[in-house]
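Quick one: the structure is below, questions incoming.
The values are calculated or read from the model by the stated rules, or taken from the named source; none is laboratory data. Note that the structure is predicted; figures quoted are calculated from it, not measured. Neighbour counts run over all protein chains shown; Cβ positions are idealised from the backbone, glycine included.
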Amino acid sequence: MSNPISFSEDVNYNNPMRILIVEDDKKVGGFLKRGLQEEQYAVDVCRNGTDALYMAQLNPYDVIILDIMLPGMDGFTVCREIRQKTILTPILMLTAKDEIEDKVTGLSEGADDYLTKPFSFDELLARIRALLRRSQDYKTKELKAGDLELDPLRRMVTRAGEKIDLTGKEYALLEYLLRNRGRTVTPSMILEHVWDMDYEGFSNIVNVYINHLRNKIDKDFDIKLIQTVRGHGFRIDED
């Protein structure tokens, strides 16, 4: 269960990144989820290999943290099946197995990195960020719509050259809209990517944050960039 979103949120940085944790130990999975949520990631958790393979095909994850010892289907098999389905999501194997042959097997099946338990959470974060840098270099490019610019490298948003301060979720929502510029995204799509899959806050959360963005980005400008597509969702465009 995800934690409620606080409206006093004052974090000025948030990656709209979505991570899948595949861990059969409920305590470890919960610890990882809470820690990554505090780092402003959207996190899904499953506890067996069969569900992991299904979710990897269903959702566009940015990183998959995959345990080896899993019920139903072990992590090596899950990794191999994911790659056979041409899913290129970076995979970080997290396991108690530290034998060289296990590491070689994991990497041979398509894993991108390997971390053994017990581990430092700071090291896990560093490895996740390294995987994201290697696999998503496109995120260093500026995103634009008219005179609105978002620089992911510096985590800076400007309009007409003036800096705009955003909270973490506002930044995440804006980046998601800009990466889908000209395309209508539904509230459920926004919830799945910017918030957790199992988010159970009140149903109007997307509208609330859209209004927050409009007050900061569009209110003082003649051209309104954030558009409502009635009955469908939202999009951002200069036209």
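With respect to Y176, is the statement that it is at pLDDT below 90, surrounded by fewer than 16 Cβ atoms within 10 Å (Cβ to Cβ) and in a helix (DSSP H, G or I) true?
The answer is no for Y176.
Still on this structure, please answer the following. Which one is surrounded by the fewest Cβ atoms within 10 Å (Cβ to Cβ), of the residues in the range 158-173 that are touching a residue at least 24 places away in the same chain (Cβ under 8 Å) and of a type in the set (V, I, T)?
Selected residue: I164.
Inspect the range 89-102 for any residue being touching a Lys or Arg at 6+ places or on another chain (Cβ under 8 Å), within 30 Å of D220 (Cα to Cα) and in contact (Cβ under 8 Å) with a residue 12 or more places away in the chain and give the result as yes or no.
No, there is no match, as no residue in the range 89-102 is touching a Lys or Arg at 6+ places or on another chain (Cβ under 8 Å), within 30 Å of D220 (Cα to Cα) and in contact (Cβ under 8 Å) with a residue 12 or more places away in the chain.
Could you count how many residues in the range 67-105 are out of contact with any Ser or Thr (no Cβ under 9 Å at 6 or more places or on another chain) and polar (S, T, N, Q)?
Number satisfying all stated conditions: 4.
Spot the failing condition for K163; the list is (1) at pLDDT 90 or above; (2) under 21 Å from the mean Cα position of the chain (by Cα), and only one is missed.
Result: K163 fails condition (2) only.
Follow-up question, since we're still on this one. Name the single residue that is modelled with the lowest pLDDT among those in the range 202-239 being among the aliphatic types (A, V, I, L, M) and assigned to a helix (DSSP H, G or I).
I205
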